[in-house]
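Data block below; observations after.
What follows draws every value from the coordinates through simple rules; no lab data is involved. The structure presented is a predicted model; accordingly, all values stated were derived computationally and were not measured. Cβ placement follows ideal geometry from the backbone for every residue including glycine, while neighbour counts extend to all protein chains displayed.
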Ligand SMILES: [Cu+2]
């Protein structure tokens, strides 16, 4: 019964995200591939408002994607994505501006796991 309950919760989460195919990238999402130690692409442009990222961890360790504004404040952080996994990362409201993206895992940003997000 426990496995069934978890499965139903996952279905509810997917449905709550507005659909899509269910297994691939959500419609309109920005695909970002994470490896040691970079984001691809590292330079991202998005429209203000809600931004949906589709994170693909093609690396061999856990990564995440965090967003920091020009004042140094972290405005959003994804959950950790396990090696080989994918994850939708929704940022519900983001204002126009220039942001840094980075991985919060120890040493990753310093090793090059960072980039730029321009919101228009
Ligand atoms: Cu990382």
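Within the stretch 64-110, being within 16 Å of the ligand (Cβ to nearest atom), under 13 Å from the mean Cα position of the chain (by Cα) and closer than 17 Å to residue 25 by Cβ holds for 65, 78, 79, 81, 85, 86, 87, 89.
Scanning the stretch 57-69 for residues that are assigned to a loop (DSSP other than H, G, I, E, B) and closer than 13 Å to residue 32 by Cβ yields 58, 59, 64, 65. Counting residues in the stretch 63-80 that are surrounded by 14 or more Cβ atoms within 10 Å (Cβ to Cβ) and in contact (Cβ under 8 Å) with a residue 60 or more places away in the chain gives zero.
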